[in-house]
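Read through the structure below, which is laid out as structure tokens, and then see the notes.
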């Protein structure tokens, strides 16, 4: 079985060394690169194209949020998990919006930490129950805003043509694997598109995104009549 290729991004050498030693002892992971700031991380990610990046938030030159945004734009299939001491809701929400698949605190225990990383590599969100609860509360708040916006027919950020294709298949009830096959794109790319769609439509889940697509079709049909 091939090992997951992991890149470490943190401006503290001692902390990177500790994580690198932990991962080196795992049979299913290997550290392929280490960067000390966000700009170096983006440049290194382009060259190495790792499976997973562990990204600190507070770094010189370019911070973790900026680096995460750039990495996900250029390498949508690369998984980014934030690893930080910052436990602020604002940073958590910004990281998820930037494309991070997880947000872990540096005081997480080693067994739990490794379990989260393996989960992220399998497509799961690397979030503690407490942080996941905060995300759900934020989604609930955004959902109320979206309901208000949709009822007043206020347009949001437009979807790209590919996102429109993905949303149409979501509305038909297709799962990610089916969409991947239909559009001939990778499963991780489908997941990235779905996250972007949910963010642009300000809805918390696929069901509400599908409802939006159906409602939009009906409205377009009425305009054509």
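The values are calculated or read from the model by the stated rules, or taken from the named source; none is laboratory data. If you're wondering where the values come from, they're calculated on a predicted model, not measured in any experiment. Counting neighbours? That spans all protein chains shown, and the Cβs are built from the backbone with ideal geometry, glycine included.
Odds and ends about this structure:
- Residue 140 in contact with a helix residue (DSSP H, G or I) (Cβ under 7 Å, 6 or more places away or on another chain), in a helix (DSSP H, G or I) and either in the same structural domain as residue 209 (by TED's automatic domain parsing) or at pLDDT below 80 (or both): no
- Total residues in region 92-118, condition surrounded by 17 or more Cβ atoms within 10 Å (Cβ to Cβ) and assigned to a helix (DSSP H, G or I): 9
- Qualifying residue in region 119-133 (condition: assigned to a helix (DSSP H, G or I), crowded, with 16+ Cβ neighbours inside 10 Å and without any contact (Cβ under 8 Å) to a residue 24 or more places away in the chain): yes
- Residues considered: 168, 132, 115, 146. Of these, the only one that is modelled with pLDDT under 85 and more than 16 Å from the chain's Cα centre (by Cα) is 146.
- Checking each residue in region 179-202 for being assigned to a helix (DSSP H, G or I) and in contact (Cβ under 8 Å) with a residue 60 or more places away in the chain picks out 187, 188, 189, 191, 192, 195, 199.
For (1) touching a helix residue (DSSP H, G or I) at 6+ places or on another chain (Cβ under 8 Å); (2) at pLDDT 85 or above, each residue gets a yes or a no:
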site	(1), (2)
176	yes, yes
182	yes, yes
188	no, yes
194	yes, yes
198	yes, yes
201	yes, no
215	yes, no
218	no, no
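- Annotation note: of 92, 52, 105, the sole residue that is touching a residue at least 12 places away in the same chain (Cβ under 8 Å) and more than 22 Å from residue 194 (Cα to Cα) is 105.
- All told, residue 31 falls short of being modelled with pLDDT under 95 and over 17 Å from residue 86 (Cβ atoms).
- Out of 45, 67, 41, one residue alone is closer than 24 Å to residue 13 by Cβ and touching a residue at least 40 places away in the same chain (Cβ under 8 Å). It is 67.
- Taken as a whole, the condition of being assigned to a loop (DSSP other than H, G, I, E, B), crowded, with 16+ Cβ neighbours inside 10 Å and modelled with pLDDT under 90 does not apply to residue 155.
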